Structure formats: C-alpha cells, structure tokens
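Report on the structure given below.
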Amino acid sequence: MKKLLVSLICALSVLGFMPMAKAKENEVVNVYMFTKDGCGYCEKALDYFSKLAADKEYGPMFNLITLEVFDGNFDVQDQDYYELLMKTAQKFDFNFKGTPFIVVGETYFDGFTQEYDEDIKKEIKRCYEDGYVDPVENIDALLAAKENEHKGMKIFLNVASIVIVVGVVAALIISRIPRKAKETPKKEMEVKKEEAVEVKETKQTSSKEKTNTKSKSSNNNKTKQKK
C-alpha cells in the first residue's frame, strides 16, 4: 500500500513538471469556417466576418480561415479539409450536419444566423484576452502544404501556356515556308507570260510595219507607171 502511494505521489510530481499546452494572451484568434460552394448561409457569414474585420475593436483580434470542403452538390472536393472538419467536429462531440460550421476557440456554431453575432464577438474577445488553445490540429502545416500545391499548379500552368505559345508560333512559321516556295514559281510564270506577250506584240508590230512598207512601195510603182 505504501509503495502504491509513493508511486502515485511520484507520478503526480512528474506530471506537475511536465510541459502543458499554454494559451497565450493577446494572440490573434484563428476563426475557422468550413464551407460549401454556393452555400447562402456561408455567404452571409462571410459578409458578417468581413464587416467585423473592419471593426476597430474586433478586427485586430481575429483571423478568419475559410476552408471550402464541399462542391455545389455537397460532394467532397477537398479530402484534407473534409478530414480536418470531421476531426474537429469529433472533438466537440458534434454530429456534423451542414455548412457553415464555425469554430472559435472552444466554441462551435452550427450554421449561421444573426443570433450568433454577439456570441461570436464575445468568444473572440474572450479567447483574445484570456488566451486559448487552437482546437484545429496542424492547421499551419496543412495550409502551407495547400499553398505549395497551388504554387506548383500555377508554375505548371505557366510552363504549359509558354509551350503552347511556342508551338503555335512554330506552326505558323512552318506553315508559311511552303507557301513562299509555291508563290515563287507562280511569279516566275507570270513574268514569263508577260515577256512572251511583249515578244509577240513586238513581232506583230514589225510585221505590220513591213506590210505598210510593201504597200507604199507598190503604190509608188503604180504612180510611176501612170506617168
């Protein structure tokens, strides 16, 4: 019995000195909103948070992180965000039903109505002044990974667009080369035809002149004979 008591005391002493997750005061509060594409209530919530962000008192206290989980048909469009949503809902022992699903510190809001306005403000202020432990695990790493993924996609699209442009330019250049080769003999033929016409006209002119000369000489001879 004594050994058991000593063991418990030692264990409690060790736990007392173990580092625990500490909430920091006056730290910007991460507000999470899991959404669906085309969700009307999500749009209303976004409008509310946009106005709240512009507020001098509450604006500096929070940072809104919007995670679009579902598409317009309520099919999962981002598996990572979906798993994060399910884990977060499980922490609150909540059976997720629809969007938006808003998390502020240790409080969640299912859907959105104007009745939540003051409650959200109070929770943001409480977490900011008293400190809080972020309920969403590894969010920074996940968002960083998503950002890198988007950057990689942008680089890929930029490279692909450059390749397409180069291909189009090359195709235009290649398509023009045979046209020039075909145009050259056409021009040569036209020049030859023009030369042939000129030669023909010259011959015709000279033959007319000879004919006129003969006719004149014959007329002169006739005149002499009459005399």
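A short reminder: the numbers here are calculations on the coordinates, not readings from a lab. Since the structure is predicted, the reported quantities are computational estimates derived from the model, not experimental observations. Cβ atoms come from the backbone with ideal geometry, glycine included; neighbour counts cover every protein chain shown.
Before moving on, here are some points about what is shown:
- Check on Gly38, surrounded by fewer than 14 Cβ atoms within 10 Å (Cβ to Cβ), in contact with a Lys or Arg (Cβ under 8 Å, 6 or more places away or on another chain) and in a loop (DSSP other than H, G, I, E, B): no
- In this structure, Asp80 does satisfy being surrounded by 13 or more Cβ atoms within 10 Å (Cβ to Cβ), acidic (Asp, Glu) and touching a helix residue (DSSP H, G or I) at 6+ places or on another chain (Cβ under 9 Å).
- Number of residues in the stretch 65-116 that are among the hydroxyl-bearing types (Ser, Thr, Tyr) and not in a strand (DSSP E or B): the value is 6.
- Residues (surrounded by 14 or more Cβ atoms within 10 Å (Cβ to Cβ) and more than 22 Å from the chain's Cα centre (by Cα)) located in the stretch 53-73: Ala53, Tyr58, Met61, Phe62
- Checking each residue in the stretch 58-81 for being aromatic (Phe, Trp, Tyr) and in contact with a Leu (Cβ under 9 Å, 6 or more places away or on another chain) picks out Tyr58, Phe62, Tyr81.
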